[in-house]
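The values are calculated or read from the model by the stated rules, or taken from the named source; none is laboratory data. This is a predicted model, so every value here is computed, not measured. Ideal geometry is used to build each Cβ from the backbone, glycine not excepted, and the neighbour counts take in all protein chains shown.
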Amino acid sequence: MDTEQGSDLELYALECYGCGRVGTLELFGMGWNRRCPDCGSGEVHAVRVEPGDVILIQPGDYYAVKDEPRRAVVDGSHFALNFDDGRGPVVLAVLAASAFRGDGGGRSNRVTEPADEKVSVSGGPCPFVPIAELRYAGQTDQTFWRWADRPRAGGGENYTRSVHLWRWEPGR
Ligand SMILES: [Zn+2]
């Protein structure tokens, strides 16, 4: 279920890099006492966008989004690119996405195993969205596909996992 917009989470979202738990300062604690209550890890940092996350695009903010908000999935092959056009790093957000995600298990370990090597999204259209214009909006379920055993014709299977949900606020 999607987290309500405008909650404290949006302002103080932290994430455990050990188990993926997301919460507020109150959940994880302050300073030296900061720990994940679920797994005990001290690797708790601000939530950051990553491949496979979902970006919600509002009508009027992109030509292909007209009557109601649409979901786009962040691609891993075009991630945190910088075109030196003043917008800062951008991600490729794919509408009508079919998203390959090879891990399928727990959250990516971004230190040793970047998720961008495993998430490949096809579909379109695909706006480049500045990371600075993303606002964290909770967690959402997204369907991905992976190889059931090995790459072969008809060998894909779908599965669903929880990912970060972001609102795109162009120019803000
Ligand atoms: Zn944890």
Taking the stretch 29-53 and the residues there that are in contact with a strand residue (DSSP E or B) (Cβ under 7 Å, 6 or more places away or on another chain) and of a type in the set (A, V, I, L, M, F, W, C), the one that is farthest from TYR17 (Cα to Cα) would be VAL49
Taking the stretch 79-92 and keeping only residues that are within 10 Å of PRO130 (Cα to Cα) and either surrounded by 17 or more Cβ atoms within 10 Å (Cβ to Cβ) or of a type in the set (A, V, I, L, M, F, W, C) (or both), one is left with ALA80, LEU81, VAL90, VAL91, LEU92
Sole miss for GLY76 among (1) buried (at least 16 other Cβ atoms within 10 Å of the Cβ); (2) small (Gly, Ala, Ser); (3) at pLDDT 90 or above is condition (3)
Counting only residues in the stretch 18-36 that are assigned to a loop (DSSP other than H, G, I, E, B) and either near the ligand (Cβ under 8 Å from one of its atoms) or among the hydrophobic types (A, V, I, L, M, F, W, C) (or both), the one nearest to VAL91 (Cα to Cα) is identified as GLY20
Among the residues of the stretch 138-158, the number that are touching an Asp or Glu at 6+ places or on another chain (Cβ under 7 Å) and in contact (Cβ under 8 Å) with a residue 40 or more places away in the chain is 4
Given the conditions (1) modelled with pLDDT of 90 or more; (2) aliphatic (A, V, I, L, M); (3) surrounded by fewer than 14 Cβ atoms within 10 Å (Cβ to Cβ), every one holds for VAL111 apart from (1)
